[in-house]
Every structure is written in structure tokens, then in C-alpha cells.
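The values are calculated or read from the model by the stated rules, or taken from the named source; none is laboratory data. Values in this document were obtained by computation on a predicted structure and should not be read as measured data. Virtual Cβ from ideal backbone geometry, glycine too; neighbours counted across all protein chains shown. These area figures cover heavy atoms from the full protein model, side chains too; ligands, DNA and RNA do not enter into them. Shrake-Rupley method; radii C 1.70, N 1.55, O 1.52, S 1.80 Å.
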Amino acid sequence: MSVNKMSKKLLVLSAALTMFMAQAAYAETVHMDLPDAMQRAFDTNPDISIAQYNFEAARANYNAARESYGISITASHQTSRSGYDDPYYNNYGVWTKDIGNYHSNGVTASMPIFTGGKLEGATKQAKAAYKIAKVGVQQSYNDMRDTVTTGYFNVLNARNMRQLTSESVDRLSDHLKNVQAQYDVGVVAKVDVLRSEVEVASAVQSWLSAKNSAEIAEANLNRIVGLPLDTSLELDDLLNYTPCDYDLPYCLDYSVKHRPEYEIAKQYVEAAKGALISAKSGHMPQISASATQKWADKNWPGDDNGNWAVGLSASLNVFDTGVTWSKIHAAEADLHKAEENYRSTVDQLNLDVRTKYYNMRVAEEQIRSAKSALDAAEEDYRIAKLRYMNGVGTNTDVLDAQVALTNAKTNYLQAMYDYNVSKVELDNAIGVPMVRPVKVVPAKETDKK
């Protein structure tokens, strides 16, 4: 291949890189660090709003359950017109159908005295649901932290891979120029040129794949934080090594005290206990007190002829063909299921903490070994290039050293990514609470004055 043909191929590659940079320039560019990404996600992601609405609904239901013990007052009014189909002689000897209006009013105050645990069980269930929803809000923030941070790191890692493959293309392209120059003066064989061209083409394919992965990762982060998917992001590089001083016993102990899933599983047991109490109330008497004042008159609004009544009412389910017993047995089964689910949750969360902890420590060791391998690969590539340029090494030596260098850089960057992601996953696994941001509301003009 002539120098001109090789130059054309390299020109095409350069043009492709230029087009990529030009396309990125047309998109809106937003500079964003990790706290900015968190705030955007908290403000726009529906998962946070859904958790908050669930909490507000559960709190209202809990308040309603607690207030069901108090006095309930109802007012009623009835207006009707009635008469007989056939006339008759009334007590006054008048032939009439007795057609007329009737108006009545009433006010009744009632209060439960004893429900056999029906209200207590319902309140216990509502309280458990309230606590679950309250913890669920915190869990939604923790999960969003994990989602945002992982998405942020994915972009950084994908961009590092794109940069790495671009450097690989540059190195192989420079080597191809050197091989072509030596071939043109008859120093090396044609096979060296062909092999180098194949490696350049393969490196370009890897770069295109890495470029595509970077664009997808960026679009995904835009989706998470609520930006248009084609927004171009300028991110601070946070993929570095910061030692973590947690040990496993500390992580396990902290998880039990802070991870939301423990409290959620516990409250499901409490809710099942409340349901069982309510079910058993079907065999208990229901007692309530009431006081009523009524008025009735033929003239609207019917506020004459008042009468009152106060009293107690009691009822007891004597026989219902086994319906109440069936409800009790179902509630008992649900309670046992909730207890087993709690036990399973404890084991699963314990395993999750151990897994995340070991993953982080393995990634930490991989960083050290990958850094040593990278230093050795860089030196090996430098020596292979010098040997080839001085005519004492082969083209295969250079290409093999280039592959080894690319792999070593890939392993190092991947280990750095794995470590940072594992740290975030460990924080989420042990339940480190995400501090919820406080929105700053701009002051009104009247407030400023």
C-alpha cells in the first residue's frame, strides 16, 4: 500500500472523530456534578413523588383509624307526602284520604364502647402501614442515590472506555505509518503492513462500540435526572480510589439498625397481628352508646313535637356457619407467613451486605494488581516500539504489546469503576441514610420588603 492510500484511510478515521465531536457540540451542554445530579433526580423522578404520596395516604388512614374511637354525630332530615288510596272516615267523622306532608329532623350522637378488638386491630394495621410508608420514603431516597450514582459512574466509565479505544486507534495508526515507511524503503515485508492495517480496523470497530455505549449511558443518566435525552453532559470525574475503612462486623451491625427493609418486614408482621385481632373480634360482643333528639311536624321544616332517647346497644354474632372462624384461620396463616418473610428478609439482607462488602474488597485488590500490570504493560509497549524501530524486534511484538497495554488499561479502569460502584452499593446495602435535600424557595417581593 502506498503512503497516499494509507493517508486517505487515516484521513477518513480523523473525519469520523471530527464528526462525532461536531455532533456533540450541537446538543445543549449542561455541567453537572454528582450533587447536582442527585438534586435533579429528587426534583423530577416520579419514584420519589410516589413514595411521598403513599406516605401521605397512609398517614391519613392512620389518623382516621385513631379517630374512630371518638363520638360520631349525624344529622338527618326527611320530607315526604303521603295518603291513602281510598277515602275513609277519620276520628272526626270526616270522609278523607288523609293526604298531607310530613317533615322530620334528627340528631344522633354515638360512640363505640367495646368492639372486642375490631377497632384496635384496624388501628394496629393502619399504624403498621403508616410506618412502612414512612420508611419507604427514606428507602426511595436511598434507592435513588444508588440509581443516580451508578448512572453517573456508568457515563464516566463508558467515556473512559471510549477514550481508551481512541488512544488505541491513535497508537496503532502511528505504528502503521512507521511500518508503511519501513516497507516503502524495503526494510519490512508486506505482511507487516497488512497485519497493522487489520489491527487499526479492529481498533476502530472497538472505538465505535465504545462511542455507542457512552452515548447510551449519557442518555440513560439524562433520563434519570429528568433532562432531555440528547443533552450533552459535562461531568466531574469521580472515578478515583478512596479507601473505605468499614469492616464486615460494623457493616452487619449498622445494616440491622438502619436498613429500611428490616423495619418494613417487621411492620408487615405487626399489620398481620392487627388483622388477626380484628378477625377474632367477630366472636366478641359489639357495644355502643347513643343519644338521639328528634323533631317531627306536618309543617316544614318539621321542628315541633320533639322527643329524645339515650341508650346502649349490644350485639353478638351467635352463628355464621363458620365465616368468622375461617377469617381467623386465614389471619393466622397470614401472620405466620409474615413472620417467615421477616426471617427470610433478615437472612437475605445479611447475605446482601456480605456480598457487597466482599465485592468492594475484591475490586480494591484488583485496583492494586491492575495498576502494577498497567505499569508493566506501558514499559513493555515502549520497549517493543523501540526494538521494532531499531530493527531488532518484530511487528508482532509491537502489536502484542499494544493489545496487552489496552487490556491492562481496560482492567485498571474497570477495577476503578467496580470499586466505586461497590462502595455505593455497600452504603445502600447497610442503609446509610440519604440526607434529603431542602428546596430553597425564592423570597417573594413582599417578603423582601
* Do you know which residues across segment 103-119 are among the aliphatic types (A, V, I, L, M) and assigned to a strand (DSSP E or B)? -> 107, 109, 111, 113
* Can we say residue 411 is assigned to a helix (DSSP H, G or I) and free of Cβ contacts under 8 Å to residues at least 40 places away in the same chain? -> no
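One line per residue, one yes/no per condition, for (1) in a loop (DSSP other than H, G, I, E, B); (2) basic (Lys, Arg); (3) touching a residue at least 60 places away in the same chain (Cβ under 8 Å):
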site	(1), (2), (3)
131	no, yes, yes
162	no, yes, no
176	no, no, yes
187	yes, no, yes
* Selection from segment 242-263 of residues that are assigned to a helix (DSSP H, G or I) and open to solvent by less than 30 Å² (accessible area, probe 1.4 Å) -> 248, 251, 255, 260, 262
* Counting only residues that are at pLDDT 85 or above and part of a strand (DSSP E or B), which one in segment 83-102 is most open to solvent (accessible area, probe 1.4 Å)? -> 102
* Structure fact -> Within segment 270-290, the residues that are over 9 Å from residue 115 (Cβ atoms) and part of a strand (DSSP E or B) are 289, 290
* Within segment 300-350, can you find the residues that are in contact (Cβ under 8 Å) with a residue 12 or more places away in the chain, closer than 18 Å to residue 262 by Cβ and open to solvent by 70 Å² or more (accessible area, probe 1.4 Å)? -> 337, 339, 341, 342
* To do: Determine whether segment 385-398 contains at least one residue that is of a type outside the set (Asp, Glu), closer than 30 Å to residue 264 by Cβ, open to solvent by less than 60 Å² (accessible area, probe 1.4 Å) and without any contact (Cβ under 8 Å) to a residue 24 or more places away in the chain.
  => no
* From the set of residues in segment 403-415 that are surrounded by 15 or more Cβ atoms within 10 Å (Cβ to Cβ) and out of contact with any helix residue (DSSP H, G or I) (no Cβ under 6 Å at 6 or more places or on another chain), which is farthest from residue 369 (Cα to Cα)? -> 403
* To do: Could you please find all residues in segment 365-396 being among the hydrophobic types (A, V, I, L, M, F, W, C) and either at pLDDT below 90 or in contact with a Ser or Thr (Cβ under 8 Å, 6 or more places away or on another chain) (or both)?
  => 389, 392
* Can you give me the number of residues within segment 52-82 that are closer than 25 Å to residue 301 by Cβ, small (Gly, Ala, Ser) and either under 24 Å from the mean Cα position of the chain (by Cα) or surrounded by 12 or more Cβ atoms within 10 Å (Cβ to Cβ) (or both)? => 1
* When the residues of segment 104-136 are filtered to those that are over 20 Å from residue 276 (Cβ atoms) and small (Gly, Ala, Ser), which remaining residue is surrounded by the most Cβ atoms within 10 Å (Cβ to Cβ)? -> 133
* Structure fact -> Among residues of segment 306-325 being of a type in the set (A, V, I, L, M, F, W, C) and more than 30 Å from residue 275 (Cα to Cα), the residue nearest to the chain's Cα centre (by Cα) is 310
